[in-house]
Amino acid sequence: RIGDIVRQIKSDIKSGCKEVWLSSTDNGCYGRDIDTNLVELLKACCSIEGSFKIRVGMMNPMYLPAILDRMVSLFGEDDKLFKFLHIPVQSGSDRVLKKMKRGHTSKTFMDAVKAFRGKIPEMTISTDIIVGFPSETEDDFKETVDLIERSQPDIVNISRYAARPGTEAYGWKGMRVNSQVSKERSECLHALTRKIAKKRNSIWQDWQGEIVIDEIGKVRQGRNYAYKPVVISSSTTSTTNAADDSQILLGDKVRVKIYDFSNFSLKAKIIL
């Protein structure tokens, strides 16, 4: 319940927590059994005093239409929320989605992406794709490629279908896609998504702003407000306008300038 979650977060913040993850099997359906919803939970969490960020975990597209407008408004207005969403679409083919019994269409996913990116163009969108689901045709796969090209997700988790005993699809042995075909489709999507990821990261070139350090060790890495991974250059201290990075600790906030990018991350130098 909202009250219990809020009390736990307050305790975590009091203990020094700087980043809160709201995770579950499917965040989108939160509250449907207790007469509330994810928007109300996020409002309550965002009202907690303190300097911290909230990362909203995975939500299936089927539950988004009922709360979409309010979610977009909240994400656009509250700085405590990382501008990041994980919305697993799984396929761009409505025929395949129906066989998967996903409960959404490709349009459901696309409408959500358009709504969030219309309000927050730099919004980080993560999704999942399964290639080679039983009976997936070349046309089905092309619809997936088309959806990825139109939606331009920053992150795409791609997996090849694997038969699991006990599932309905396990019995569709005569409909299974050839393993070599699945491999080729996977490779095609990986190449496309790497290109899109680099293009999306390019919009941050020369950006200056605050990041929260979430990894220290061989490299120091933080996250900006869109949850983009920002790797701090080891040559930072060689610049005349840079701050000393030797004392950076987990959870610290530092101001950086992006000077380069790849399809995996942004590269930055600390600035005063």
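The values are calculated or read from the model by the stated rules, or taken from the named source; none is laboratory data. The model shown is predicted, which means the values in this text are computed figures rather than measured ones. Here the Cβ positions follow ideal geometry from the backbone for every residue, glycine too, while neighbour counts run over all protein chains shown. SASA here: full protein model, heavy atoms, side chains in, ligands and nucleic acids out. Shrake-Rupley method; radii C 1.70, N 1.55, O 1.52, S 1.80 Å.
Residues in the range 56-70 that are in contact with a strand residue (DSSP E or B) (Cβ under 6 Å, 6 or more places away or on another chain) and open to solvent by less than 40 Å² (accessible area, probe 1.4 Å): Val56, Gly57. Among the conditions (1) over 24 Å from Val56 (Cα atoms); (2) open to solvent by less than 10 Å² (accessible area, probe 1.4 Å); (3) among the small types (Gly, Ala, Ser), Gly92 misses just one, which is (1).
If you filter the range 194-210 down to residues that are touching a residue at least 60 places away in the same chain (Cβ under 8 Å) and part of a loop (DSSP other than H, G, I, E, B), you find that the one that is surrounded by the most Cβ atoms within 10 Å (Cβ to Cβ) is Trp204.
The condition of being surrounded by fewer than 19 Cβ atoms within 10 Å (Cβ to Cβ), out of contact with any His (no Cβ under 8 Å at 6 or more places or on another chain), among the polar types (S, T, N, Q) and under 30 Å from Ala44 (Cα atoms) holds for only one of Ser126, Ser73, that being Ser73. One residue alone among Ile158, Ile148, Ile130 is of a type outside the set (D, E, K, R), at pLDDT 95 or above and part of a helix (DSSP H, G or I), and that residue is Ile148. Of Ile2, Ile34, all but one fail to be touching a residue at least 24 places away in the same chain (Cβ under 8 Å) and surrounded by fewer than 16 Cβ atoms within 10 Å (Cβ to Cβ); the exception is Ile34.
From Glu149, Glu122, Glu187, Glu138, grab the single residue that is charged (D, E, K, R) and either in contact with a Pro (Cβ under 9 Å, 6 or more places away or on another chain) or touching a residue at least 60 places away in the same chain (Cβ under 8 Å) (or both).
That would be Glu122, the only listed residue that is charged (D, E, K, R) and either in contact with a Pro (Cβ under 9 Å, 6 or more places away or on another chain) or touching a residue at least 60 places away in the same chain (Cβ under 8 Å) (or both).
In the range 31-44, the count of residues that are at pLDDT below 95, in contact with a Phe, Trp or Tyr (Cβ under 9 Å, 6 or more places away or on another chain) and either under 19 Å from Ala226 (Cα atoms) or not aliphatic (A, V, I, L, M) (or both) is one or more. Among the residues of the range 182-193, is there at least one that is outside any helix (DSSP H, G or I) and either open to solvent by 40 Å² or more (accessible area, probe 1.4 Å) or of a type outside the set (Lys, Arg) (or both)? Checked the range 182-193: no residue is outside any helix (DSSP H, G or I) and either open to solvent by 40 Å² or more (accessible area, probe 1.4 Å) or of a type outside the set (Lys, Arg) (or both). Quick test for you: out of Glu40, Glu49, pick the one residue that is acidic (Asp, Glu), assigned to a loop (DSSP other than H, G, I, E, B) and without any contact (Cβ under 8 Å) to a residue 40 or more places away in the chain. So the residue among Glu40, Glu49 that is acidic (Asp, Glu), assigned to a loop (DSSP other than H, G, I, E, B) and without any contact (Cβ under 8 Å) to a residue 40 or more places away in the chain is Glu49.
Residue-wise test of (1) out of contact with any Pro (no Cβ under 7 Å at 6 or more places or on another chain); (2) crowded, with 16+ Cβ neighbours inside 10 Å; (3) at pLDDT 75 or above.
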| residue | (1), (2), (3) |
| --- | --- |
| Arg223 | no, yes, yes |
| Ser235 | yes, no, no |
| Thr239 | yes, no, no |
| Lys253 | yes, no, yes |
| Ser262 | yes, no, yes |
| Lys269 | yes, yes, yes |
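Of all residues in the range 129-140, none satisfies the criterion of being in contact with a Phe, Trp or Tyr (Cβ under 8 Å, 6 or more places away or on another chain) and open to solvent by 40 Å² or more (accessible area, probe 1.4 Å). The residue of the range 95-123 that is surrounded by the fewest Cβ atoms within 10 Å (Cβ to Cβ), among those that are basic (Lys, Arg) and not in a loop (DSSP other than H, G, I, E, B), is Lys107. Taking first residues from the range 211-235 that are more than 26 Å from Glu77 (Cα to Cα) and partners that are small (Gly, Ala, Ser) and surrounded by fewer than 19 Cβ atoms within 10 Å (Cβ to Cβ), the Cβ contacts under 7 Å between residues at least 6 apart in sequence or on separate chains come to Val231/Ser265.
The single condition among (1) among the charged types (D, E, K, R); (2) closer than 22 Å to Met62 by Cα; (3) touching a Gly at 6+ places or on another chain (Cβ under 9 Å); (4) open to solvent by less than 30 Å² (accessible area, probe 1.4 Å) that Glu143 does not meet is (4).
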